[in-house]
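To keep things clear, I will list the structure first and then write my remarks on it.
Read-outs throughout are calculated quantities, based only on the coordinates presented, and are distinct from any laboratory measurement. Quick caveat, the model's predicted, so the values are computed rather than measured. Here the Cβ is made from the backbone with ideal geometry for all residues, glycine too, and neighbour counts use every protein chain on show.
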Amino acid sequence: MAHRAEPLALVAGGAGFIGSHLCDALLARGWSVVAVDSFHTGRYDNLRHLEREPRFDLVEADVMEPLPPRLTRAGRRFTHVFNLASAASPPHYQADPEHTLLTNVLGTRHLLALSAVQGARFFLASTSEVYGDPEVHPQRESYWGHVNPTGPRACYDEGKRAAETLTFDHLRARRGDARVARIFNTYGPRMRADDGRIVSNAITQALAGDDVTLYSDGSQTRSFCYVDDLVDGLMRLMLHENDYRGAINLGNPVELSVRELAEAVVRTTGSRSAIVQRPLPVDDPRRRRPDIALARRVLGWTPTVPLAVGLERTVAHFAAEARAAAERPLATRPRNGHAVLRTGPVWSDGGAGA
């Protein structure tokens, strides 16, 4: 698919952890970007540094609802549409499971429709959760998964599986070009301290000198990819021009136990925190590790940031954020909850969190 020389990207979930880093990467390439976020889990502070960027707009909207007309005002046409709109951590997506499910289903449908009308290339941020509690290790893209469709995690797991179905139906119907990434555990600056994941929990607790809590005996395994590596993979996936159109795993193939991760966090923070155990949540996967052979072959991509380096950067960010929060509250929404319009870029308040 040919695209004009000056790309214009819509990033749904642009105020989220990964979405905000993606906005930065696109702008660094000279693109213009419109971020859409509902601020259910996205934070205005993640985009505050872009407030005066002339090639960046922010629109507050929930992609679960029909997209606001101002997105395409004055004949604005997107060349690329990135869908990262969804709560992505268990405490957040389980807080409102219906909204989580519908954001993934209706949000994807609305963004696919926009892509089809505008001739834009579509990108879906899917997840390793489509594999559920896997019985195959490592997980290849050909594995159909082991998911509980009625459990407490189903709103997210099945929502993403349905979003993939919609996206591949879009491709089969030849309504446009689309790419799908199955994103494995990702960490780095701008993670929310309250997102309930092992990295953010452990760092927050260790910096405070509290016990670091493991919701298991610590033997569960995960693979942790630094956000800069992940965003590089997302960009490569969206921009590649070969014939492959299936889902692609993006994650770090180095597998370690959550206890090893917690111990690494305690070392990095210099904390004396003890590591304590709590019961394992329902349907929490016991092992998770991506097979990234396809990403290496199709995209020429592999993660490069070592865990020690990524943790140092992430701990430094959390410590700085804690100091800033002591001086002023972190902003989760734009100023006054109102649209701030400019004659060029439109800062309209944010939209769908990822």
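Suppose we flag GluC sites (Glu not before Pro) only when DSSP calls them loop and at most 14 other Cβ atoms lie within 10 Å. Which is the longest uninterrupted stretch of the chain? Display every interim value, and only then the final one.
Numbers: sites that count: GLU51, GLU135, GLU241.
By the stated rule (loop sites, at most 14 other Cβ atoms within 10 Å), 242-354.
I need ILE275, ILE203, ILE183 ordered by Cβ neighbour count within 10 Å, fewest first.
Working: ILE275 18, ILE203 27, ILE183 24.
Exposure proxy ranking, most exposed first: ILE275, ILE183, ILE203.
Could you give the size of the charge dipole of the chain about its Cα centre, using +1 on the Cβ of each K and R and -1 on the Cβ of each D and E, expressed in debye and rounded to the nearest 20? Provide the component values of the computation, followed by the final result.
Values: 43 positive and 41 negative charges, 186 e Å.
For the chain, the charge dipole is close to 900 debye.
Need one number: convex hull volume per residue for segment 51-206, Cα atoms only, in Å³. Intermediate results must be reported in sequence, preceding the final value.
Working: hull volume 22.2 nm³, N = 156.
It comes to 142 Å³ per residue, whole-number rounded.
Where does helix 307-327 land angle-wise versus the long Cα axis of the chain, in degrees 0 to 90, nearest 10?
80
If Rh is defined by the Kirkwood formula over all Cα pairs and Rg also comes from Cα, what ratio Rg/Rh do you get for segment 173-227?
On the way: Rg = 16.1 Å, Rh = 13.7 Å.
Rg/Rh for segment 173-227 comes to 1.18.
How big is segment 236-317 along each principal axis, measuring the range of its Cα positions in Å and listing the largest first?
Between the extreme Cα coordinates on each principal axis of segment 236-317 lie 51, 32, 18 Å.
Got a sec? How would TYR143, TYR131, TYR44 order by Cβ neighbour count within 10 Å, fewest to most?
Values: TYR143 17, TYR131 27, TYR44 21.
Fewest-to-most ranking of TYR143, TYR131, TYR44: TYR143, TYR44, TYR131.
Given N residues in the chain, what is Rg(Cα) / (2.2 N^0.38 Å)? Let's see the in-between values first.
Numbers: Rg = 19.4 Å, N = 354, 2.2 N^0.38 = 20.5 Å.
Normalised by 2.2 N^0.38 Å, the Cα Rg of the chain equals 0.95.
Among ARG245, ARG77, which comes first, then next, by fewest other beta-carbon atoms within 10 Å? Kindly include the intermediate steps, with their values, before the conclusion.
Details: ARG245 14, ARG77 11.
Exposure proxy ranking, most exposed first: ARG77, ARG245.
What does DSSP give for the chain in terms of the percent of beta bridges that are antiparallel, rounded to the nearest 5? Please list the in-between numbers first.
Details: 5 of 42 bridges.
The antiparallel proportion sits near 10 percent.
Just flag the trypsin sites (Lys or Arg not before Pro) in segment 174-232 sitting in loop per DSSP whose Cβ has no more than 11 other Cβ atoms within 10 Å.
Numbers: sites: ARG174, ARG175, ARG179, ARG182, ARG190, ARG192, ARG197, ARG222; in loops: ARG174, ARG175, ARG190, ARG192, ARG197.
Sites meeting the loop and neighbour criteria: ARG174.
Compare the Cα positions of LEU299, PRO253, ALA85 along the charge dipole of the chain (+1 at Cβ of Lys, Arg; -1 at Cβ of Asp, Glu; about the Cα centre) and return the one farthest towards the positive end.
LEU299
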